[in-house]
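The next block holds one structure in the form of structure tokens; read it before the comments.
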Amino acid sequence: MDRLRAQLLIESVGGRDDHRSYSRPCEAFQPGSVSEAIRQFTPNWFTATMGTGIVALAINQFPLPIRGLHEIGQTLWLTNILLFTLFSVAYATRWIFFFNSGAAPHLRPPR
């Protein structure tokens, strides 16, 4: 019943929500599904790598000599590299396997 209500709401607001179109009509979000997580992955997640990188660089440039601060900065920098690699692979995978949902935000005219 909730799915029907959501579909009616989408149609009443402005038609079908193209960037959430499913490959099969009855396909729905399944928590824990890797393919659904990839399909829903957006570039917004790259802000986590930007923030981690900024904090790592700021810690490394901190003017006071505090013991262990350089190691914390290094750890954050390596975490940043790991996150960027993971997010890049996830975003590339989205474009390869779910091209329509990946391209949809870029094909819409600006409002």
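Rounded to the nearest 0.05, what FRET efficiency do ILE81 and ALA103 have when you use their Cβ-Cβ distance and R0 = 35 Å?
Working: r = 28 Å, r/R0 = 0.79.
Once rounded, the FRET efficiency stands at 0.80.
Given 0.36 nm per residue, what is the gain on full extension from MET50 to ILE66 after removing their alpha carbon distance, in nm?
Numbers: separation 16, 0.36 × 16 = 5.76 nm, distance 2.41 nm.
The span from MET50 to ILE66 would gain 3.3 nm if fully extended.
Note down the nm distance, to one decimal, between modelled labels 7 Å out along Cα→Cβ at GLN74 and at SER88.
For the pair GLN74/SER88, the computed spacing is 2.3 nm.
How would you order 81-92, 65-76 from highest to lowest mean count of nearby Cβ atoms within 10 Å? Walk me through the numbers before you get to the answer.
Working: 81-92: 14.1, 65-76: 12.0.
Highest mean packing first, the order is 81-92, 65-76.
The numbers here are math on the coordinates, done by the rules we state, and not lab data. Just so it is clear, the model here is predicted, and its values are computed rather than measured. Note that each Cβ is placed from the backbone with ideal geometry, even for glycine, and that neighbours are counted across all protein chains shown.
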